[in-house]
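*Asks:* This is the structure I want to talk about, given as structure tokens.
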Amino acid sequence: MNPTSGPPEIPPGLPPSGFPAPASPPLSGPPAPAGPPVPVSDPLPPPLPPRGPGVVPPFAAPPTEGRTNRLWLGIGAAGLFVLLCCGGGIAALTGLGVFGFRAIDERARVVVTDYVDALERAEYGEAYALLCDDRQRQQSPDDFAATESLAPRIDSFHVRKTQTSTEDVIVPVDVTYQSGSTSTVRFVLAQDTGTGEFEVCGVTD
């Protein structure tokens, strides 16, 4: 080395040590936007079915035969349903009428049976309780007991079917007295406005 020469020259861009300068860190910032989506090609269409004589298509066409028959069958079923409904309604009304008459007959005969049975046993208080309000206003319990105690004693009786009209409900009773005589007494009934039960309102010819 030449002692008179100066320090070696350092090329520009190198550090004093003589090694390459480290790479500068990347600049911070938002990531680069993604590119447009890559279109995906559609899947291949299914292969067409073979054509030719004797080949059955994959989906059979809807049948057209029998539509007229099914239409008429539906109309006939609807008509039958309406007919049954109308007939059932008439039968129901008839049944309600018969049921109503049977209920009236049963309730009326029960009241008359209890009334005549009380007279047969000389239980005049029980018989008086089965009288309608008009009869009870006309006669006190004592007067009723005195009057019935003088009547012929009942030996047996048979309550017949109830007779109804637009105004009265009548229950005939075949009575056999202890004297051996018989008669048919037609008891007239009325319906109590408060309880709805039948009550004895007298007798008729």
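The values are calculated or read from the model by the stated rules, or taken from the named source; none is laboratory data. The structure presented is a predicted model; accordingly, all values stated were derived computationally and were not measured. For neighbour counting, all protein chains shown are included, and Cβ atoms are generated from backbone atoms with ideal geometry for every residue, glycine included.
*Asks:* So which pairs qualify, if the first residue must be in segment 101-121 and touching a residue at least 24 places away in the same chain (Cβ under 8 Å), the second must be in a helix (DSSP H, G or I) and aliphatic (A, V, I, L, M), the Cβ gap must be under 7 Å, and the two must be at least 6 apart or on different chains?
*Replies:* Correct list of pairs: Y115/A127; L119/A127.
*Asks:* Any idea which of V200, V175, V159 is under 28 Å from R102 (Cα atoms) and over 47 Å from the mean Cα position of the chain (by Cα)?
*Replies:* V175
*Asks:* Just give me the residues in segment 161-205 being closer than 19 Å to L130 by Cα, part of a loop (DSSP other than H, G, I, E, B), among the β-branched types (V, I, T) and free of Cβ contacts under 8 Å to residues at least 40 places away in the same chain, in sequence order.
*Replies:* Correct list: T193, T195.
*Asks:* Evaluate the following for V116: is it under 26 Å from G100 (Cα atoms) and in contact with a Phe, Trp or Tyr (Cβ under 7 Å, 6 or more places away or on another chain)?
*Replies:* yes
*Asks:* In segment 128-145, which residue that is aliphatic (A, V, I, L, M) and part of a helix (DSSP H, G or I) is surrounded by the most Cβ atoms within 10 Å (Cβ to Cβ)?
*Replies:* For segment 128-145, the residue satisfying everything is A145.
*Asks:* Related question: When the residues of segment 146-160 are narrowed to those that are assigned to a loop (DSSP other than H, G, I, E, B) and of a type in the set (A, V, I, L, M, F, W, C), which ends up surrounded by the most Cβ atoms within 10 Å (Cβ to Cβ)?
*Replies:* Per the criteria, the residue is A151.
*Asks:* Before we move on, is A103 within 24 Å of F157 (Cβ to Cβ) and either at pLDDT 95 or above or surrounded by 10 or more Cβ atoms within 10 Å (Cβ to Cβ) (or both)?
*Replies:* When the stated conditions are applied, A103 passes them.
*Asks:* Here's another thing I want to ask about it. If you scan segment 188-205, which residues turn out to be in contact with a Phe, Trp or Tyr (Cβ under 7 Å, 6 or more places away or on another chain) and at pLDDT 95 or above?
*Replies:* L189, V200
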